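Heads up: the structure comes next, in structure tokens.
The values are calculated or read from the model by the stated rules, or taken from the named source; none is laboratory data. Keep in mind it's a predicted model, so treat the numbers as computed, not measured. Note that each Cβ is placed from the backbone with ideal geometry, even for glycine, and that neighbours are counted across all protein chains shown. Heavy atoms of the whole protein, side chains included, go into the accessibility calculation; ligands, DNA and RNA do not. Shrake-Rupley method; radii C 1.70, N 1.55, O 1.52, S 1.80 Å.
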Amino acid sequence: MKPTTFYTTSGSFASSPSDDEFLVIENLSKTYRTPDGDHSVVLKDINLTIREDEYVSIIGHSGCGKSTLLKIVAGLERATSGMVRLQGKEIRKPGTDRMMVFQQYSLLPWLTARDNIRLAVDEALPRISPAERRRIVNEHIEMVNLSAAANKYPDELSGGMKQRVGIARALAIRPMMLLMDEPFGALDALTRGKLQRQVLNIWESHRQSVMMVTHDVDEAIYMSDRIVLMTNGPAATIGEVLEVPFSHPRNIQEIRELPEYYELRNHALNFLDRHFS
Amino acid sequence: MLLQFNIQVIVLAAQATWRRSIRPAIVQDYILFPLIGFAGVLLLWWIVATFFTTLLPTPLDALLANMDYILNPFYRRGPGDLGIGWLLLASLRRVFLGFLLGSIVAIPVGFLIGTSKRAMLAINPLIQIFKPVSPVAWLPVALATFNLANPSAIFVIFITSLWPTMINTAVGVASVPKDYLDVAQVLEMPRWRQMLKIIWPASLPYVFTGLRISLGIAWLVIVAVEMLTGGIGIGFFVWDEWNRLNLNSVFLAIFVIGLTGLVLDYLLGRLQMWITHRPPTTT
Ligand SMILES: Nc1ncnc2c1ncn2[C@@H]1O[C@H](COP(=O)(O)OP(=O)(O)OP(=O)(O)O)[C@@H](O)[C@H]1O
Ligand SMILES: [Mg+2]
């Protein structure tokens, strides 16, 4: 295959100035102990540095450990070895500076959609006035287009609606870093496109560090600055890191007409094909 | 599969009927077949009563003999001679008091066991020992302590209501899905607010399961307790009527006790639905 200019292989991250090292994942490994006493290595020797204003996508086959990686960054799981540093400080526990959109939505079933978002806002932003908090909640409900269903309980919502509540909840608390685990996975094509655009709008007007797990190569190219391709588990690691050479703000129609788009897309798909066991 | 027949389904069927959207399947499943079941039992009863006249009254005889009780549930004809409604209320009052006190103790203790490993290790053996004991066995202890029938009955119900609520609350608290706790942790909730805003509401369905089991057993136990203590109540009524060889009223009492138990469970189920916003699990 013709070597392309826009990708670098893993481990070769440059020794950049410290504000480029917003999030540093260093030699991270994760081992789960199975019930019968064995150890199963899920992640091995992960090295990744993410800039303060960078949108990074993670692609890999199901079960390779993408959610596990995200949870370690969130502080919900502990790495077996290696470490994760956020602005130079080691991550030891979860915090509102890194909000997560959970793969399984994780809404609280005894609260309405609105109250799920409100709970997060109340907890994470206790210092602002109640009126302002209410405004933030309503703004984000409207943003994900859930005004009509805001007073319904999660049991009464479809998968896609729940996912949108999860996205609104995460965005509403204005985290420093956004961790999204397949945030658009349960949405229909139309809603997905709209919501991708909205999330991208927010990100483009207020850049922050984002890690997004996805299975959709097009979504990754459209939204992110770099794409992390993971090898298969067990003992998955970073296979390649692709640079997406398009500048923001992006227009999906325009970038789809560029030859680089297809080069990138084929490269990623070939990688995934090769690593399909 | 469990045979399900409770008020919920009857209400469901009734609502469907009122909305004039009678779906034949519902009518058939929840009205026709249960009616066939009842009719079958009545028929069996009738046959047995016709051939063994000394053993049982026929259903019709029983109904006629009980007409006075059924039509005047709230009569007062003397100090001990009260309508069956009064007796029912007296029993319900004991059950409610004992159940309330029991729940007030059981829920916090269950919560403690569910959150603290040490509390679990300390209290669990006690629960395991006391749980298999028929609550009626506590009656002599209570009588010796209180010297009065009524507080003793309430005490026995109190004991009855403890174990299922305690165990279920503890299980509920201990099995709060990790997802919910992850949300709480990401939001940096302090521990006490996690308990209040996440763990407590998440375990409420379990608490209610415990409460419903407790109330069900309490309603079983009160009949036995009242048979032993005497006084005013539906349980003693059963015993008293039997001693007067008045089997008709015993059948009436059995029917009333069963119906009341059904209503109690239904009401608690409604309360659960109203509080937790999730449909209760029918048992
Ligand atoms: N708590 C756990 N205990 C033991 N093994 C676990 C645990 N959580 C995850 N695993 C294992 O770790 C591996 C990676 O899981 P993970 O959920 O991170 O995969 P994933 O890449 O997110 O997959 P998907 O794309 O299907 O969401 C799986 O093989 C899974 O069985
Ligand atoms: Mg996953």
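The table for this structure:
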read-out	value
Subset of the range B:50-95 that is aromatic (Phe, Trp, Tyr) and in contact with a Leu (Cβ under 9 Å, 6 or more places away or on another chain) - its residue that is nearest to B:Asp240 (Cα to Cα)	B:Tyr69
Residue within the range A:79-91 that is closer than 23 Å to B:Glu188 by Cα, of a type outside the set (Asp, Glu) and within 12 Å of ligand 2 (Cβ to nearest atom) present	no
Positions within the range A:164-185 being open to solvent by 10 Å² or more (accessible area, probe 1.4 Å) and in a helix (DSSP H, G or I), in sequence order	A:Arg164, A:Leu171
Unique residue being under 21 Å from the mean Cα position of the chain (by Cα), within 13 Å of ligand 1 (Cβ to nearest atom) and over 24 Å from A:Asp216 (Cα atoms) when the list is A:Ser67, A:Ser40, A:Ser29	A:Ser29
Per-region count, the range A:102-115, residues within 9 Å of chain B (Cβ to nearest Cβ) and more than 16 Å from ligand 2 (Cβ to nearest atom)	6
Those residues of the range A:44-58 which are open to solvent by 10 Å² or more (accessible area, probe 1.4 Å) and under 17 Å from the mean Cα position of the chain (by Cα), in sequence order	A:Asn47, A:Thr49, A:Arg51, A:Glu52, A:Asp53
Failed item in (1) within 15 Å of ligand 1 (Cβ to nearest atom); (2) within 14 Å of chain B (Cβ to nearest Cβ), with A:Pro183 passing the rest	(2)
Selected residue (only one of B:Val48, B:Val133 is without any contact (Cβ under 8 Å) to a residue 40 or more places away in the chain, assigned to a loop (DSSP other than H, G, I, E, B) and loosely packed, with under 14 Cβ neighbours inside 10 Å)	B:Val133
Condition broken by B:Arg270, with the remaining ones in (1) in contact (Cβ under 8 Å) with a residue 24 or more places away in the chain; (2) under 30 Å from A:Lys152 (Cβ atoms); (3) within 21 Å of the chain's Cα centre (by Cα) satisfied	(1)
Spans of strands (runs of 3 or more DSSP E) in the range A:204-253 with at least 2 residues open to solvent by 10 Å² or more (accessible area, probe 1.4 Å) and within 16 Å of ligand 2 (Cβ to nearest atom)	none
Lone qualifier among A:Asp155, A:Asp188, A:Asp122 - being acidic (Asp, Glu), closer than 26 Å to A:Ser67 by Cα, open to solvent by 30 Å² or more (accessible area, probe 1.4 Å) and over 20 Å from the mean Cα position of the chain (by Cα)	A:Asp155
Cross-chain or 6+ apart pairs with Cβ under 6 Å, the range A:65-82 first and at negative phi and part of a helix (DSSP H, G or I), then within 13 Å of ligand 2 (Cβ to nearest atom) and of a type in the set (D, E, K, R)	A:Ser67/A:Asp181; A:Leu70/A:Asp181; A:Lys71/A:Glu77
Looking only at the range A:84-101, and only at residues there that are under 17 Å from A:Met211 (Cβ atoms) and more than 7 Å from chain B (Cβ to nearest Cβ), the one that is most open to solvent (accessible area, probe 1.4 Å)	A:Gln87
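Matching residues to (1) touching a helix residue (DSSP H, G or I) at 6+ places or on another chain (Cβ under 7 Å); (2) open to solvent by 40 Å² or more (accessible area, probe 1.4 Å); (3) within 16 Å of ligand 2 (Cβ to nearest atom); (4) not basic (Lys, Arg):
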| residue | (1), (2), (3), (4) |
| --- | --- |
| A:Ser29 | no, no, no, yes |
| A:Val42 | yes, no, yes, yes |
| A:Gly60 | yes, no, yes, yes |
| A:Ser67 | no, no, yes, yes |
| A:Lys71 | no, yes, yes, no |
| A:Gly75 | no, no, no, yes |
